[in-house]
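First comes the structure, then the notes that go with it.
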Amino acid sequence: MPQRKATVERLAAFSDGVFSVIITIMVLDLRPPEHPTFSGLLPLWPTALSYVVSYAFVAIVWLNHHHLLRFTEYPTPRLIWINFAHLFAVSLVPFTTVWVATTHLASVPVFIYSAVFVLVELAYLRFEHHALDQAVLEQISHRTRRLAKMRSFIAFGLFLTAMLASLKYPKCGFGLVCCAVLLYLRPELPGSWTNDTENVALQGQK
């Protein structure tokens with residue numbers, strides 16, 4: 001019988017399931033205030049803040065994960081293990097989110113929270129490198145590849161700086177994490193990703 005290669009759709013479906021579970025776990029960790037008043041909500045601001053940031057982070061990770069899989073013809077064993085490492089790092093987000101919320105952004109919890117983001121970014125760097133290596137020039141130009149890698153290294157630097165700064169200035173470290181997450185708000189690099197693809201396609205038609 002002919003051997004069949006694993007499909008990207010199966011890898012994406014498994015990853016989507018893990019992302020869904022991660023978000024569900026974060027929702028289950030939310031607790032209502034003890035008193036049925038608006039003032040009872042005030043002490044819960046660290047919980048709301050950390051949940052919003054973590055939810056946005058998981059959503060952005062999924063969005064970029066989905067975007068990179070479009071350039072993969074089939075998942076190699078190396079990519080599968082990189083994906084598992086990436087998902088493992090993301091699965092730690094709910095635990096650190098609860099810890100940051102219950103301790104009101106204390107130094108050590110924010111340090112661990114930022115460290116998880118560092119691990120996620122390290123895995124994403126490998127995932128991005130492997131996916132872009134499989135993409136052809138007609139899909140992503142050399143310039144866009146360089147910009148994508150530059151963005152990833154800048155984000156990694158911000159997460160690492162946030163981790164170190166949080167030991168003395170936890171709120172500042174948390175703010176740096178938020179800034180780094182915003183870099184990936186749009187998977188396609190504005191003004192370069194789409195335009196480069198269109199330019200290459202036009203050159204091929206001439």
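Go through the residues of the stretch 24-36 one by one and say whether even a single one is among the hydroxyl-bearing types (Ser, Thr, Tyr) and within 25 Å of residue 125 (Cα to Cα). Among the residues of the stretch 24-36, not one is among the hydroxyl-bearing types (Ser, Thr, Tyr) and within 25 Å of residue 125 (Cα to Cα), which makes the answer no. If the condition is being under 19 Å from the mean Cα position of the chain (by Cα) and open to solvent by 20 Å² or more (accessible area, probe 1.4 Å), then the stretch 40-52 contributes 49, 51, 52. Under the condition of being more than 30 Å from residue 78 (Cβ to Cβ) and open to solvent by 10 Å² or more (accessible area, probe 1.4 Å), the residues counted in the stretch 106-116 number 4. What about residue 99, is it under 21 Å from residue 187 (Cβ atoms), open to solvent by 70 Å² or more (accessible area, probe 1.4 Å) and modelled with pLDDT of 90 or more? No: the conditions fail for residue 99. Looking across 78, 70, 10, 31, one residue alone is of a type in the set (Lys, Arg) and closer than 30 Å to residue 174 by Cβ. It is 31.
Which condition from (1) in contact with a Phe, Trp or Tyr (Cβ under 7 Å, 6 or more places away or on another chain); (2) part of a helix (DSSP H, G or I); (3) open to solvent by 70 Å² or more (accessible area, probe 1.4 Å) is the one that residue 171 breaks? Condition not satisfied by residue 171: (1).
Here's the yes/no breakdown for (1) at pLDDT 95 or above; (2) open to solvent by less than 50 Å² (accessible area, probe 1.4 Å); (3) under 23 Å from residue 47 (Cα atoms); (4) under 20 Å from the mean Cα position of the chain (by Cα):
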site: 127; (1), (2), (3), (4): no, yes, no, yes
site: 130; (1), (2), (3), (4): no, yes, no, yes
site: 155; (1), (2), (3), (4): no, yes, no, yes
site: 175; (1), (2), (3), (4): no, yes, yes, yes
site: 191; (1), (2), (3), (4): no, no, no, no
site: 196; (1), (2), (3), (4): no, yes, no, no
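The residue pairs whose first member lies in the stretch 160-176 and is among the basic types (Lys, Arg), whose second member is at pLDDT below 95 and open to solvent by 20 Å² or more (accessible area, probe 1.4 Å), and whose beta carbons are closer than 6 Å, counting only pairs six or more residues apart or on different chains, do not exist in this structure. Being modelled with pLDDT of 90 or more and either in contact with a helix residue (DSSP H, G or I) (Cβ under 7 Å, 6 or more places away or on another chain) or open to solvent by 80 Å² or more (accessible area, probe 1.4 Å) (or both) holds for only one residue in 119, 68, 63, and it is 119.
The values are calculated or read from the model by the stated rules, or taken from the named source; none is laboratory data. The structure displayed is predicted, hence computed values, not measured ones. Note that each Cβ is placed from the backbone with ideal geometry, even for glycine, and that neighbours are counted across all protein chains shown. These area figures cover heavy atoms from the full protein model, side chains too; ligands, DNA and RNA do not enter into them. Shrake-Rupley method; radii C 1.70, N 1.55, O 1.52, S 1.80 Å.
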